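The next block holds one structure in the form of structure tokens; read it before the comments.
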Amino acid sequence: MNDIQIVYSSKANGEISDAQIVKIHAVAIANNARRDITGMLLYSKGTFLQVLEGEAGAVDDLMEKIKLDPRHCDVELLVRNSIKHREFKNWSMGYRRLDEADAKALLNYAPFFEHGFDANKFCQQPGVSLDILKALASQLDED
């Protein structure tokens, strides 16, 4: 099997309510389970950061659909790695909304999300986007 892991960031087109994010998350869980895709979605101040893992064809197809989704824009692919083992295997789609408490708890990463996810900052330090996702995933695993 040829599994890959991708990370992308994007900006919401307009305001997205908590109810809308809950709906997006629920649909993603169902669709990703059917496609055997795992991952995690983060939201901060009108921006998204997401990791997706699974068979290369399925993940690439999903990424193409994501790029066409009118609910967001400025989709930036940050990471695309071949993987032997999934790092986010616990969820068909984990979710977390980041806030001030997260910025205080993750001081090293706060500049990357405290004002929303910034693809330019991530491009300057490749791998930080995945580090943030892993740090938050480990916190969720402990809860």
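A short reminder: the numbers here are calculations on the coordinates, not readings from a lab. From a predicted model like this one, the values you see are computed outputs, not experimental measurements. Cβ atoms come from the backbone with ideal geometry, glycine included; neighbour counts cover every protein chain shown.
Below is a table of values for the structure above.
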| item | result |
| --- | --- |
| Relative contact order [Cα under 8 Å, 6+ residues apart], the chain, whole percent | 35 |
| Residues SER17 and LYS89, FRET efficiency given R0 of 25 Å [Cβ-Cβ distance, rounded to 0.05] | 0.25 |
| Cα-based shape type of the chain, given that a ≥ b ≥ c are square roots of the gyration tensor eigenvalues and the cut on a/c is 1.5 | rounded |
| Calculated FRET value between GLU100 and ALA30, using beta carbons and R₀ = 41 Å, to 0.05 | 0.85 |
| Reach of LYS45 by Cα under 30 Å, taken over lysines that are not fewer than 8 positions away in the same chain | LYS11, LYS23, LYS65, LYS67, LYS89, LYS104, LYS121, LYS134 |
| Gap separating the Cα centres of the range 78-105 and the range 23-69, nearest whole Å | 11 |
| Relative packing of 4-13, 80-89, 94-103, which averages over residues the other C-beta atoms within 10 Å, highest first | 4-13, 94-103, 80-89 |
| Simple spin-label estimate for ARG71 and GLU55 in nanometres, 7 Å along Cα-Cβ | 2.6 |
